[in-house]
Every structure is written in C-alpha cells, then in structure tokens.
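The values are calculated or read from the model by the stated rules, or taken from the named source; none is laboratory data. The structure displayed is predicted, hence computed values, not measured ones. Backbone-built Cβ (ideal geometry, glycine too); neighbour counts: all protein chains shown. Heads up: the accessible areas ignore ligands, DNA and RNA and are worked out on the full protein's heavy atoms, side chains in. Shrake-Rupley method; radii C 1.70, N 1.55, O 1.52, S 1.80 Å.
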Amino acid sequence: MTIDIVEDNLSYTRTQAPLLAPIFRSDGQARLLSTLLLTGDELSVTDLAKRAGLAYPTVHREVARLVDAGILSERQVGRTRLIRGNDESPLVGPLREILMVATGPVVMLAEELGRIDGIESAFVYGSFAGRMLGDAGPAPHDIDVMVLGEPDVDAVYEACTRVEAAVHRPVNPTILTPAEFAAPSGFLDNVRSGPAVVVIGELPWR
C-alpha cells in the first residue's frame, strides 16, 4: 500500500516511490512530510518549499491535500499561512517513526551539523544516498556522511552519534578540509562519481 496523498510530479526529484520507504508515493512526498514532522517546525508555505527543495506551486497543492487529510494543520497569521504537523492525527505518530528511519537522517544531520561552526558543506553519499535518489539495491545498513571544512571534530562525532541513536542506523562521518577533498584519491573519486544528497551547503564538485 502507498500513501496516496501526492499525485502531481514533484519538481526536484524522481517521482517513483522512494526505495527507502516504498509506502510513500514519491521521494518528494516523503521529503515534504519529513521537513515538518521530524523537526516539529511551523513554516510558511514559502519556507517549507525552500526547506523541502520543492517548487512553491507543488507545495501549495500538497499542503492543501495534507491539511484535508488531517496530517497537517494550518493557522493564519496576517497574510501568512503557517503549516505544521497535526499531532492530534493518529497517523502522524506512525508516519514520524517511518520517516525517521527513511529520510530522517538527512533532516536530522542538517539540524545537528548546522549548529557546528566551521562546516562549509556536508552530504550523504554511498548506498543510503543512492536509495534516496532511486537507485536499486538492498536496504543500506549504515549512513556515510562527508563533512568538509574545519569544524570541531568531537562536535561532529557527537552530532552523528545523536542522529545514529534516533534513526537506528550507524552514521559514519568523514571530515576533510576542501583541499583534502580535492586531492587525488581512489576513494574520493568514487565519492565524487557516486550518488550524493546535500545536507549543508552545496556539493563541492557540481
């Protein structure tokens, strides 16, 4: 069974059901729900579109459907619609648990690593990123994350440990300066040529 809430093509990604959680109709649907349900934030439609990486018209339509389904709630402040997860819905708790394992690592890593100074960019790579982008294969056992910059190393490892505990998958950080990442290396060549999902900043080779 898929959660048949989103019908339109989502602009930023492929439209097939995400391999990490095929109960969702599309990866974009899972991303939109994750942005609200996993953070607990209350966002305008404009901010939600930016955070989820979706086009504004798409988010506007999908928010209307999700509000009608009772999964999201809204309130009006002036001319701004503020959207959040509806904790009174019996569906929100189970959805939150599924999303935590499926798409939660990227959302939570962005939250955790975003608090650490000295990080220029960060991204998930390897099999977990591949499944998020629709590549076929077995469910990934762990999550590989590349952190570029000169942050406090202990702070990065502590942040990844907190995410690991929440999503029930090992989180393996690699910390490099941008110059180190640009150096010739078979391992880094594989990282640069493989699937990657941005956590902070931009992918340094695209």
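Remarks
- Helix-only arithmetic for the chain: the sum of -39500 (n - 2.57) across DSSP H runs with n ≥ 4, divided by the residue total, places the mean residue ellipticity at 222 nm at -12000 deg cm²/dmol.
- Taking a ≥ b ≥ c as the square roots of the Cα gyration tensor eigenvalues, the range 160-206 comes out prolate, since a/c reaches at least 1.5 and a/b is larger than b/c.
- The loop-placed trypsin sites (Lys or Arg not before Pro) in the range 72-149, going by DSSP, that have at most 15 neighbouring Cβ atoms within 10 Å of their Cβ come out as Arg79, Arg115.
- Cα-based helix-to-principal-axis angle, 104-113 vs the chain, degrees rounded to 10: 60
- For the Cα trace of the range 126-173, dividing Rg by the Kirkwood Rh returns an Rg/Rh value of 1.03.
- Semi-axes of the equivalent ellipsoid for the chain, Cα gyration tensor, largest first, Å: 30, 18, 16
- Fraction of accessible area attributable to carbon and sulfur, the chain (%, probe 1.4 Å): 51
- Rounded to the nearest 5, the antiparallel percentage of DSSP beta bridges internal to the chain is 70%.
- Rounded to the nearest 10 degrees, the inclination of helix 153-167 to the longest alpha-carbon principal axis of the chain is 40 degrees.
- Exposed GluC sites (Glu not before Pro) absent: longest stretch of the chain, with sites in DSSP loops and at most 14 other Cβ within 10 Å deemed exposed: 89-201
- The alpha carbon centroids of the range 103-136 and the range 154-206 are separated by 8 Å.
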